[in-house]
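Encoded as structure tokens, the structure appears first; notes follow it.
The values are calculated or read from the model by the stated rules, or taken from the named source; none is laboratory data. What you see is a predicted model, and the numbers here were worked out from it, not measured in a lab. As a convention, Cβ positions derive from the backbone with ideal geometry for all residues, glycine included, and neighbour counts pool all protein chains shown.
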Amino acid sequence: MKIQPEEHLGLAHTVATRFVHRNERVQDTIEFSLACEALILVSQSYVPEQGAFSSVAYTAMVNKLIDYKRTKNRKKRKAEFEYLDEKQWANRIDENQWEEKLEDLPDFMGWLNKVSWSDEEKDDLEVLIAVKVKAEPITEVADKRGVSRPTIYQKLQRITNKIREKYRDAA
């Protein structure tokens, strides 16, 4: 017995409704399209021994939408950090001076060593050097220090602000 997916569009609508904002028309969302895609795939591979079609289809649609939301959120977080890298990191001190200092890394590191830093700032500097100079992945740096990735991002932002402040004071 072949299952007709169009007979179960109401189920796709119900599942998609759980994943969209209230003010959106469900049929116009990517969530509804993904739920329909999952519904079609399940209808093509459904075997009655799996259980009731609606249960199998419901689970497949929910899983598809959860995967979509996770991927979407992961890309969003990555994009936000890329924006921070390109825009804010480059503008932390003065746009051209920061890039010059990084190009002339030994002088920049020498300047960093001449400035007095608190213990917390020294720790933040170690994170900055690990991530930006040694190009260690944020996840690795977080794991080595036993902290979360958001904590590493906070340290990077905090020390960059401090470097800008101290650099401007010294100039």
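A few comments on the model shown:
- Subset of segment 108-136 (residues that are at pLDDT 85 or above and hydroxyl-bearing (Ser, Thr, Tyr)): SER118
- Flag set for THR139, criterion: touching a helix residue (DSSP H, G or I) at 6+ places or on another chain (Cβ under 9 Å) and modelled with pLDDT of 85 or more.
- Set side by side, the residues SER33, SER55 differ, and just one is closer than 17 Å to LYS2 by Cα, assigned to a helix (DSSP H, G or I), in the same structural domain as ALA16 (by TED's automatic domain parsing) and out of contact with any Lys or Arg (no Cβ under 9 Å at 6 or more places or on another chain), which is SER55.
- Here is the figure for segment 129-168: residues that are free of Cβ contacts under 8 Å to residues at least 60 places away in the same chain and of a type in the set (Ser, Thr, Tyr) total 3.
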